[in-house]
Amino acid sequence: MAELTVNENMIASVHYTGTLPENGEVFDSSEGRDPLSFLVGHKQMIPGFEEEIMGAKVGERREFTLTSDRAYGDRDNEAVMEIPREQFKQLEEEATLEVGMQLVAQMPHGPSPFTITSLTDETVTADFNHALAGQSLTFSVEVVELREASEEELSHGHAHGPDGHHDH
Ligand code: ZN
């Protein structure tokens, strides 16, 4: 049997650490957790992450830096909005609003996370850009397991449990 490598329609399980290239700060890591499993080629991951591990075998480790266009995209100034502070009235009964606070807005298309970037008595400035938008990101990735996706996973477009069966 040919040795499996990372390819479209496979379930890849990886350990990874993501750092910011300018200062080495770790923004995300699977260390101390289960490896991350995903269906390759179905937009579960940022584009550059998949491209850079294509063809890797189990046990192989790769390190790469992605520019923002291959990661979380550029910042969009239109995704920064001023919201009347009175809309936060209910929340402010339980919590104190602060710059840098991350909240989730319930939008018609689903929950949308945002960060408060400034506050006045009348308005809350909400930045809906991904916190890592506009940033280059460095990843160190080790492939720990590979298998063919099940029919069910392919039709759902995401990875299931270890045997490919439904667990959600
Ligand atoms: Zn599913």
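If you check V143 against the conditions, is it in contact with a strand residue (DSSP E or B) (Cβ under 9 Å, 6 or more places away or on another chain) and under 30 Å from M10 (Cα atoms)? Talk me through it step by step, then tell me what you get.
Numbers: in contact with a strand residue (DSSP E or B) (Cβ under 9 Å, 6 or more places away or on another chain): yes; under 30 Å from M10 (Cα atoms): yes.
Yes.
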(request) Find the residue count for region 131-163, including only residues that are away from the ligand (no atom under 11 Å from the Cβ), assigned to a loop (DSSP other than H, G, I, E, B) and of a type in the set (S, T, N, Q). (result) 2
(request) For region 9-98, please list each of the strands (runs of 3 or more DSSP E) lying entirely inside it that holds at least 1 residues being of a type in the set (A, V, I, L, M), exposed (fewer than 14 other Cβ atoms within 10 Å of the Cβ) and out of contact with any helix residue (DSSP H, G or I) (no Cβ under 6 Å at 6 or more places or on another chain). (result) 26-29, 80-84
(request) Go through (1) at pLDDT 95 or above; (2) more than 18 Å from the chain's Cα centre (by Cα) one by one and return the number of the condition E94 breaks. (result) (1)
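Take the conditions in contact with a Phe, Trp or Tyr (Cβ under 6 Å, 6 or more places away or on another chain) and of a type in the set (D, E, K, R) and apply them to E52. Does it pass? Let's see the steps before the verdict.
Values: in contact with a Phe, Trp or Tyr (Cβ under 6 Å, 6 or more places away or on another chain): yes; of a type in the set (D, E, K, R): yes.
Spelling it out, E52 is indeed in contact with a Phe, Trp or Tyr (Cβ under 6 Å, 6 or more places away or on another chain) and of a type in the set (D, E, K, R).
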(message) So Q106 passes all but one of these: (1) more than 16 Å from the ligand (Cβ to nearest atom); (2) exposed (fewer than 10 other Cβ atoms within 10 Å of the Cβ); (3) assigned to a loop (DSSP other than H, G, I, E, B). Which condition number does it fail?
(response) (3)
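Take T115 and decide whether it is more than 19 Å from the chain's Cα centre (by Cα), among the hydroxyl-bearing types (S, T, Y) and either surrounded by 17 or more Cβ atoms within 10 Å (Cβ to Cβ) or more than 16 Å from the ligand (Cβ to nearest atom) (or both). Can you show your working first?
Details: more than 19 Å from the chain's Cα centre (by Cα): no; among the hydroxyl-bearing types (S, T, Y): yes; either surrounded by 17 or more Cβ atoms within 10 Å (Cβ to Cβ) or more than 16 Å from the ligand (Cβ to nearest atom) (or both): yes.
Considered against the rule, which asks whether it is more than 19 Å from the chain's Cα centre (by Cα), among the hydroxyl-bearing types (S, T, Y) and either surrounded by 17 or more Cβ atoms within 10 Å (Cβ to Cβ) or more than 16 Å from the ligand (Cβ to nearest atom) (or both), T115 comes out as no.
The values are calculated or read from the model by the stated rules, or taken from the named source; none is laboratory data. This one's a predicted model, so the numbers in the text were calculated from it and none came from an experiment. Neighbour counts run over all protein chains shown; Cβ positions are idealised from the backbone, glycine included.
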